[in-house]
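Student: Sending over a structure as structure tokens; questions will come in a sec.
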Amino acid sequence: MELDIKGKVEEIVEKIKEDPALLAEFQKEPIKAIEKVLGIDLPDEKLQPLVAGVKAKLASGEIGDVLDGLKKLF
């Protein structure tokens, strides 16, 4: 089974942003949270690229929020 990594990362990030409980679960156990969102059980090594992508996307979103806040100050 071939996953569209970029598409799945976007899907997972949107669901995590909408659900604080899912975000908390992702922070504690990212593999289990992703399996829950996707509804599939894959070996951890197959999900690591998704975990990395979601973490990066969430981090960039947080940085973007901070920058937007700074723009309002100036």
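The values are calculated or read from the model by the stated rules, or taken from the named source; none is laboratory data. Predicted model, so just to flag it, every value in this text is computed and none were measured. Cβ sites come from the backbone with ideal geometry, for glycine too, and all protein chains shown count toward neighbours. Heads up: the accessible areas ignore ligands, DNA and RNA and are worked out on the full protein's heavy atoms, side chains in. Shrake-Rupley method; radii C 1.70, N 1.55, O 1.52, S 1.80 Å.
Student: What does the C-alpha gyration tensor say about the overall shape of region 1-58? Classify as rounded when a/c is under 1.5, otherwise prolate if a/b is larger than b/c, or oblate.
Tutor: Judged from the Cα gyration tensor, region 1-58 comes out prolate (a/c at least 1.5, a/b above b/c).
Student: Taking all protein chains as present, what is the carbon and sulfur share of the accessible area of region 1-64, in % to the nearest whole number, probe 1.4 Å?
Tutor: For region 1-64, the apolar C and S fraction of the accessible surface comes to 54 percent.
Student: Also: Quick check on packing: order 48-61, 24-37 by the mean number of other C-beta atoms within 10 Å, highest mean leading.
Tutor: 24-37, 48-61
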